[in-house]
Amino acid sequence: VTPDAMSSQYVTYEWSYALGKNKVVLPITYFKAKVHPRLSTTQMLDFTDSRSRQWPDLITSLHTYLDGDKSSSDDELIPKDGILNALADLLCAKRLSQADLNIFVAQELITPMDLAEIRRRSMSQEAS
């Protein structure tokens, strides 16, 4: 969640569509912003302070989601390539740190090979 995201009609469309399809929406706040009332009913994770990010809560939420609904078909999952691209974008934009990615590896959310690929993609973005 950022002020720009909260004012974007496309972002609003995405989360409202997801909620309409009974999908889990995990709002993560990067910058303080006024949140739509529909999202304020969802537990927001506060990542505005890099020293006290709520990684355990995010990991628990992701595990609950991933372990909870075994009826989801594979075509509803986000492709791994898309996740690696998103993480590379966040790393390049300095919204995610190397320490954050190391936590993902330690919690077995991504592999060391995934980490290397995220770094490669981030460096290629910075070079262009």
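The values are calculated or read from the model by the stated rules, or taken from the named source; none is laboratory data. Given the structure is predicted, the values throughout are model-derived calculations rather than measurements. Note that we place each Cβ from the backbone using ideal geometry, even for glycine, and neighbour counts take in every protein chain shown. Heavy atoms of the whole protein, side chains included, go into the accessibility calculation; ligands, DNA and RNA do not. Shrake-Rupley method; radii C 1.70, N 1.55, O 1.52, S 1.80 Å.
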query: Mind checking whether some residue in region 2-14 is loosely packed, with under 13 Cβ neighbours inside 10 Å, at pLDDT 75 or above and aliphatic (A, V, I, L, M)?
result: no
statement: Among helices (runs of 4 or more DSSP H) entirely within region 45-113, at least 1 residues that are open to solvent by less than 60 Å² (accessible area, probe 1.4 Å) and modelled with pLDDT of 80 or more occur in 80-92, 98-106
Total residues in region 1-54, condition of a type in the set (Phe, Trp, Tyr) and in contact with a Phe, Trp or Tyr (Cβ under 8 Å, 6 or more places away or on another chain): 2
Matching residues in region 18-43 - criterion: being of a type outside the set (A, V, I, L, M, F, W, C), open to solvent by 40 Å² or more (accessible area, probe 1.4 Å) and within 21 Å of THR64 (Cα to Cα): GLY20, LYS21, ASN22, LYS23, SER40, THR41, GLN43
- line: Within region 114-128, restricting to residues that are open to solvent by 30 Å² or more (accessible area, probe 1.4 Å) and among the charged types (D, E, K, R), the one that is modelled with the lowest pLDDT is GLU126
task: Filter region 117-128 down to residues that are under 10 Å from ALA88 (Cα atoms) and among the hydrophobic types (A, V, I, L, M, F, W, C) and give me whichever is farthest from the chain's Cα centre (by Cα).
output: MET123
